[in-house]
Amino acid sequence: MFKEIKRKITLFNTLILVVFMFVFILLLGFLVKWSLNLTGEIYLTNVGKEIIENNGESDPPQVNSVDSVHDKVGYQFILWDSSHTVKSMKVNDRNLIMSGYELVIQENQASQFNTMVSDDVEYRVYTLSYSKDSNDYVLQIFQQITTEKSMVAYIIFFLLLIGVGSIVVLIPLSYFLAGKSLQPIKETFEDQKKFIANASHELRTPLTVIQTNVEVLKLKEDEQIKDNMKWLNNIGSESETMAKLISDLLLLAQAENQSLSVEKELFDLSSLCHQMVVLMTELANEKEIELGENITPDIHYRGDEERLKQAVRILVDNAIKYTPIGGKVQLCITQGKRNIVIAVKDTGVGLTEEEKAKVFSRFYRVDDARNRETGGYGLGLNIADYIVKKHGGKIKIESVPNEGSTFSILLPRTNIKQDTKKNNHNNYRIDSFL
Ligand code: ADP
């Protein structure tokens, strides 16, 4: 699919280039022709003046014009009197006299420019009628323009050659650049494909468990419900898993569409962290993990309380999940000069540098088999990262394999300052904690 798009882009670019070059070459050719014609006419006008001033001398002094191509080509002239007899002339090509005569008997305007062909040579002709000493004269000045024409033809030919050459070079270049510019789209597309495949795969597992349990229940239709609670509980727990996964997927889809809204309300972040410790203590106890806290009180923050709670919960939940029995987890909140820092420290399995770089990717799990037991899907950190980034912050990981990890949420304090200016009617004394 992408190859086809790349081919089309290249074709389109080449077409635009060809049209542009064609128009450019034609325009340039026309301009050169027009300017040569104009300077040629000016040259012949000056020559005319000289000849008249020199009383039609057969070899008047050279015209003092710019050293142009017209000077090099030179000129020929015939001066006719009122009875159409040659009074004076400078002609190399004898046929010109006949052609000039035909022209002089037709023309009756004061002065004008024409072109004519004599003996296969093309000429620009300047005809000028004037009177001197009560005699009427017609002066014809001829200039050969074959050289001029072939000059224009050469220019166009060379430009076409350069044009064709550059198109030959530019086609592969354009193909390469099209590939480069399509790369991010391709990556996003591949990501989406992988995401859909992973999501379907993750949904299939609980669905299969539910289907199997329903089949078992069908076989026990004569038995009482209370005797089959095991199967119903299985269905219940798998449905819960599915519901959680679907809500995570929905959140990520919204994040992808940039349609996830984030509230900006001032709230007590210290109290949120404390509540989280209280909430997770039961879970930690079940795993015989000591869940502690080190909370600086009264840290207020303007943001989406629910989303940030979700992010902190993901980190604490992970810390408990990936810390072996008897380990320690601690939730800390402090505020520095620039950031508010929420750190979740554990004495768990830890992460290698390579794993650290990957944990924020969707569906990434360090140890797939073990994590399936712990109930993870590899979406938690991706969601937490998104939420924190939406608040202008970031998540930092410090970890030593087999010793433990510290996941820190850094929230910029500038966020509060800006919002304080906008909402200075707020009840909180923000200045006191800035
Ligand atoms: P999951 O739902 O699988 O936990 P996450 O996105 O939250 O997905 O985490 C991704 C992976 O990062 C986990 O599968 C786990 O291997 C690793 N991980 C996350 N938190 C920790 C931690 N505190 N200690 C060690 N490994 C962790």
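The values are calculated or read from the model by the stated rules, or taken from the named source; none is laboratory data. All of these numbers come straight from a predicted model, not from anything done at the bench. For neighbour counting, all protein chains shown are included, and Cβ atoms are generated from backbone atoms with ideal geometry for every residue, glycine included.
A residue that is modelled with pLDDT of 90 or more, of a type in the set (Ser, Thr, Tyr) and within 25 Å of Glu306 (Cβ to Cβ) can be found somewhere in segment 227-244.
Taken over segment 278-312, residues that are under 45 Å from the mean Cα position of the chain (by Cα) and closer than 18 Å to Ala384 by Cα amount to 12.
In summary, Val164 fulfils each of the numbered conditions (1) closer than 20 Å to Tyr43 by Cα; (2) within 56 Å of the chain's Cα centre (by Cα) with the single exception of condition (1). Residues that are free of Cβ contacts under 8 Å to residues at least 12 places away in the same chain, of a type outside the set (A, V, I, L, M, F, W, C), surrounded by fewer than 19 Cβ atoms within 10 Å (Cβ to Cβ) and within 11 Å of the ligand (Cβ to nearest atom) do occur in segment 362-369.
One line per residue, one yes/no per condition, for (1) touching a helix residue (DSSP H, G or I) at 6+ places or on another chain (Cβ under 8 Å); (2) farther than 30 Å from Gln254 by Cβ; (3) modelled with pLDDT of 90 or more; (4) not aliphatic (A, V, I, L, M):
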{"position": "Tyr154", "(1), (2), (3), (4)": "no, yes, yes, yes"}
{"position": "Phe158", "(1), (2), (3), (4)": "no, yes, yes, yes"}
{"position": "Gly179", "(1), (2), (3), (4)": "yes, yes, no, yes"}
{"position": "Gln183", "(1), (2), (3), (4)": "no, no, no, yes"}
{"position": "Glu202", "(1), (2), (3), (4)": "yes, no, no, yes"}
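Residues in segment 379-414 that are hydroxyl-bearing (Ser, Thr, Tyr) and within 13 Å of the ligand (Cβ to nearest atom): Tyr386, Ser399, Ser405, Thr406, Ser408. Looking across segment 273-299, the residues that are farther than 24 Å from Thr347 by Cβ and surrounded by fewer than 20 Cβ atoms within 10 Å (Cβ to Cβ) come down to Pro297, Asp298. With the condition kept exactly as written, say whether any residue in segment 135-158 is within 21 Å of Tyr101 (Cβ to Cβ) and hydroxyl-bearing (Ser, Thr, Tyr). Within segment 135-158, one or more residues are within 21 Å of Tyr101 (Cβ to Cβ) and hydroxyl-bearing (Ser, Thr, Tyr).
For the subset of segment 306-341 comprising residues that are assigned to a strand (DSSP E or B) and touching a helix residue (DSSP H, G or I) at 6+ places or on another chain (Cβ under 6 Å), which member is farthest from the ligand (Cβ to nearest atom)? By that ranking, first place goes to Ile333. Here is a check on your reading of the model: is Gly292 under 19 Å from Gly404 (Cα atoms), touching a Ser or Thr at 6+ places or on another chain (Cβ under 7 Å) and more than 10 Å from the ligand (Cβ to nearest atom)? So Gly292 does not fit the description; no. Among the residues of segment 222-263, the one identified as in a loop (DSSP other than H, G, I, E, B) and surrounded by 14 or more Cβ atoms within 10 Å (Cβ to Cβ) is Leu260.
The set of residues from segment 1-57 being within 54 Å of the chain's Cα centre (by Cα), exposed (fewer than 12 other Cβ atoms within 10 Å of the Cβ) and within 30 Å of Lys132 (Cα to Cα) comprises just one member, Leu38.
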